[in-house]
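Here's the structure, in C-alpha cells; my notes come after.
Every number here is computed from the coordinates shown, using simple stated rules; none is lab data. These numbers come from a predicted model, not from an experiment. Every residue, glycine as well, gets a Cβ built from its backbone with ideal geometry; the counts of neighbours run over all protein chains shown.
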Amino acid sequence: DAKTTQPNSMESNEEEPVHLPCNHSTISGTDYIHWYRQLPSQGPEYVIHGLTSNVNNRMASLAIAEDRKSSTLILHRATLRDAAVYYCILEPGGSQGNLIFGKGTKLSVKP
Amino acid sequence: NAGVTQTPKFQVLKTGQSMTLQCAQDMNHEYMSWYRQDPGMGLRLIHYSVGAGITDQGEVPNGYNVSRSTTEDFPLRLLSAAPSQTSVYFCASSEGLAGRETQYFGPGTRLLVL
C-alpha cells in the first residue's frame, strides 16, 4: 500500500493561512488523496479529497503536485476550532477502498 | 439524522469477559467499518462490511467478530477481552466504497480491559 509522510506537528496563528504538507512518492495513478481531521476526543471528520486537480470546498483547499507525489491541505484562515490532528490518506487503488490512517499532523492554533 | 451512533461511550472489562460494541447509522449507507485507535496512533481497520450479510477482515481482526444482519447495524463483539484490546473504537459508514465516498465516523467507545 502506498504510504504518506507528514510532519508530526505544526503551529499556526489564528486568522492566518495554514499549509499542511503530505508526501506520497509511491502513489499510483488510481489512488485518491483524502484528508480527514480529528478534533480532541472525537471521531475523524472528512475534510477534502481529490485525484489530480486541485479541489476547493467550504472547509479547505487541496493542492496536488503535478507529479502527484505530494499534496498540501490549505486552511485559508485558521481558527482555534481547527486545532486537530490532520490525516493525509491514500485510498489503495483497486482494493475495497479502505482508508489507511498514519499518525497525522497535530496542528496547534495560537490566539 | 443522528448520523453514526455508538454505545456505550465508555466500558471497563475484566480480562476474559465478553461484550458487544454497538454501532448504528440512519443514512442508509451500505459500507460500514470498525477501527481502533491506540494512544498517539492513527486508526487501524478491524473489520468492514460492504452490505448486509457481507463482512470481511481488516488489518487487525484477531479477537473480534462482526455480523451485519441489517443495513443500519454493525456490532463488534469481543469474545474474550484482553488488556491489549484497551483502545478507543470508532465505527464509520459511507454510501459506497470507503475510499471513493466520504466516511462518517461515530463518537467512539473507550474500552479499558483490566
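Listed here are the residues, each with its yes/no results for (1) within 14 Å of another protein chain (Cβ to nearest Cβ); (2) charged (D, E, K, R).
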position: A:Glu11; (1), (2): no, yes
position: A:Pro17; (1), (2): no, no
position: A:Ser25; (1), (2): no, no
position: A:Thr30; (1), (2): yes, no
position: A:Gln38; (1), (2): yes, no
position: A:Ser41; (1), (2): yes, no
position: A:Glu45; (1), (2): yes, yes
position: A:Leu51; (1), (2): yes, no
position: A:Val55; (1), (2): yes, no
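Checking the structure you have, find out if any residue of the range B:97-113 is within 14 Å of chain A (Cβ to nearest Cβ), assigned to a strand (DSSP E or B) and either free of Cβ contacts under 8 Å to residues at least 24 places away in the same chain or surrounded by fewer than 19 Cβ atoms within 10 Å (Cβ to Cβ) (or both). Taking every residue of the range B:97-113 in turn, at least one turns out to be within 14 Å of chain A (Cβ to nearest Cβ), assigned to a strand (DSSP E or B) and either free of Cβ contacts under 8 Å to residues at least 24 places away in the same chain or surrounded by fewer than 19 Cβ atoms within 10 Å (Cβ to Cβ) (or both). Listed residues A:Arg77, A:Arg68; which is farther than 27 Å from B:Trp34 by Cβ and either surrounded by fewer than 16 Cβ atoms within 10 Å (Cβ to Cβ) or without any contact (Cβ under 8 Å) to a residue 40 or more places away in the chain (or both)? A:Arg77 is the lone residue from the list that is farther than 27 Å from B:Trp34 by Cβ and either surrounded by fewer than 16 Cβ atoms within 10 Å (Cβ to Cβ) or without any contact (Cβ under 8 Å) to a residue 40 or more places away in the chain (or both). Residues in the range A:10-58 that are β-branched (Val, Ile, Thr), over 13 Å from A:Ile89 (Cα atoms) and crowded, with 16+ Cβ neighbours inside 10 Å: A:Val18, A:Val55. For the residues B:Ser69, B:Ser49, B:Ser84, the requirement of being assigned to a loop (DSSP other than H, G, I, E, B) and either loosely packed, with under 14 Cβ neighbours inside 10 Å or in contact (Cβ under 8 Å) with a residue 24 or more places away in the chain (or both) singles out B:Ser69.
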